[in-house]
Amino acid sequence: MDTHQLKVFAGRLRAYLEHNNLPLKHSHVLDLVAAIPGLRNWPEVNAFPDRVSVTQWDDHSAQRLAKRIEEKYGLTLLVDELRQNLEPTTDNALSIWPNGPKPGVYVTTSQRAIDAAIANYESATDGALLYAEPAGQASNSAIELGEYGLFSKGIDRLPSGTLVVVGPIPLTQESWDDNRDRLKIAASLAYLSELRIVVLAETPLPENLHSDIDLLLRPDDEELDSEQPDVMGIVTESGDLQIIEPFVARRITVSASDKFTTNQRLPQELEIALKQAVTKRPFGVIVLGVRSDEKPCELLLEAVVPLTEHAGPAVRIQPTFRPGYGKDDSPLSPHFKGLLIFPSIESAHAHGYRRMVLESTYHGASEAMLKYLKDTCFLVSSYATNVADAWMSAMSPRHEWPEGIESIVALLCIADVVTERETLSVCDAYIAGATPSPKSKRFEALITHLEKHRIIRWQDQLDELLNANRMTREQALKALSRNEVKKYFDSDKFEEI
């Protein structure tokens, strides 16, 4: 027996214990199967490979395992039943490419590597069938997995040793949870059904690929420095499937050496407001709103980054890989150059970053933001020129934010008014902590509170500009959206306009 076989036993044991109403983390099950060679825990398995190599799966080792399960968790199992459920059967023995690489999950960011792996498999097996998502469907031997992919019926009954191609899987905020499910089923199929699964991944941070894959496979409550969940490998450019132990050799760590600089500045009153806001509530959500037909909101969001250095080094989050709207050919703007781009909020937070720029919150970001509001500063853009609209458009559906406006650090809005002589800016701003939040969490009460307790009001600024004859009513109207005009002018005047 070897450590790989023990990990296969751990996968089977975990499923068996869940069937007996005892769900355990993978690391805890690994400590249990250490009883098979008579060792205390998994670190001892790694430390004493000679002890493992002479171990047989028989009545004595099964008895040791059953006794440990009973001692640690109070669950009594029949030894014969335990042996039967964990015993490798002839169906599980490698029947395709028996001298090939070990069953497992192998990852790469290279389509060329995937193609080479398929060619190696076809050559070694005389063209045996493989099963593939789009990354491998160009092969003549490939059977399409279809829309259900790894969740397709019957895939767990494929002949042992079969090659399965997964991907491309985009490592982005939008796909993060979906990728977690796909990789976990891939690991389960690899070790329970002894399949070889190769995964093509797309990531904005290739040097952190192994760490992100490892993070996705971990239970939510497990730290990065705990036992790695499964033996993993890589697909080389020549198509070889290589087990890598440890799979994660290095992780990106927070570096405070680089500071983001920009020539962009907020109007002075907004800078003052933001400085007040982060003093009262350093972590949470900062929303910058601008008019949709003016400068890109990301341009002015640059000005917020240097004002939030209290939260540490900043990173960007990749929302998706799909092109943007209109003329944009990328989901990320050309701004914020020099900031690392992480595939998700979860990944950035796990690696120690507590200041994150989100150019879009419409790609699965809301749930992740909710998890980390207490210790992370999120910088978000919005196309709005009043605080209520900025809150509604930048945040996800309100039923996902039960704490109401407690997550807000500041709402900062800017609208430019162009006159014959100059361009004037009017601002709207709300900061946290200036007044107590309303007790009621009803949506209408929250909106009323935001509008009533703004520390800067564009209505007042427009009045001053109109009274000073620095702009006309028509120019004021062009600076505002139709809904804002309704609020600013009485209904009779609005109908005339």
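Here are the numbers:
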{"item": "Contour excess over end-to-end distance, with Cα ends at GLU444 and TYR73 and 0.36 nm allotted per residue", "result": "128.5 nm"}
{"item": "Two-site FRET efficiency, GLU18 against THR472, from Cβ-Cβ distance with R₀ of 51 Å, rounded to 0.05", "result": "0.10"}
{"item": "Directionally averaged projected area (convex hull, Cα atoms, the range 54-130), nm²", "result": "8.3"}
{"item": "Global geometry of the range 84-205, whether rounded, prolate or oblate, following the gyration tensor of its Cα atoms and the 1.5 cut on a/c", "result": "oblate"}
{"item": "Nonlocal amide H pairs with ILE341, under 5 Å, H built at 1.01 Å", "result": "ARG316"}
{"item": "Amide N of the range 339-374 lying under 14 Å from the label point, which is placed 7 angstrom from the Cα of ARG180 along Cα→Cβ", "result": "344-350, 364-372"}
{"item": "Cα-Cα over 19 Å, subset of LYS280/LYS374; LYS280/LYS337; LYS25/LYS153", "result": "LYS280/LYS337; LYS25/LYS153"}
{"item": "Label point distance in nm, ASP460-THR423, each placed 7 Å from Cα along Cα→Cβ", "result": "2.6"}
{"item": "Most to least packed among 153-161, 303-311 [average Cβ atoms within 10 Å]", "result": "303-311, 153-161"}
{"item": "Fraction of accessible area attributable to carbon and sulfur, the range 344-399 (%, probe 1.4 Å)", "result": "53"}
{"item": "Fully extended contour minus Cα-Cα distance, from ARG265 to GLN111, at 0.36 nm per residue", "result": "51.1 nm"}
{"item": "Summed side-chain charge close to ALA138 - residues other than ALA138 whose Cβ falls under 13 Å, Lys, Arg +1, Asp, Glu -1", "result": "-3"}
{"item": "Listed residues ILE155, PRO206, VAL165: farthest to the positive end of the dipole of the range 130-212 (Cβ charges)", "result": "ILE155"}
{"item": "Derived scalar couplings ³J(HN,Hα) [the range 185-194; Karplus, 6.51 cos²θ - 1.76 cosθ + 1.60; whole Hz; x for Gly, Pro]", "result": "5, 5, 5, 5, 5, 5, 9, 8, 9, 6"}
{"item": "Alpha-carbon Rg with Dmax, taken over the range 7-113, Å", "result": "15.7, 51"}
{"item": "Contour minus Cα-Cα distance for ALA124 and MET1 (0.36 nm per residue)", "result": "41.7 nm"}
{"item": "Cβ-Cβ FRET estimate between ALA434 and ARG250, R0 fixed at 56 Å, reported to 0.05", "result": "0.80"}
{"item": "Sulfur and carbon atoms: percent of accessible area, the range 238-283 [1.4 Å]", "result": "47"}
{"item": "Subset of LYS7/LYS72; LYS184/LYS371; LYS67/LYS184 violating a 24 Å alpha-carbon distance limit", "result": "LYS67/LYS184"}
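The values are calculated or read from the model by the stated rules, or taken from the named source; none is laboratory data. From a predicted model like this one, the values you see are computed outputs, not experimental measurements. Heads up, the Cβs are rebuilt from the backbone with ideal geometry, glycines too, and the neighbour counts pull from every protein chain shown. Ligands, DNA and RNA are stripped out before the accessible areas are found, and what is left, the full protein with its side chains, is counted by its heavy atoms. Shrake-Rupley method; radii C 1.70, N 1.55, O 1.52, S 1.80 Å.
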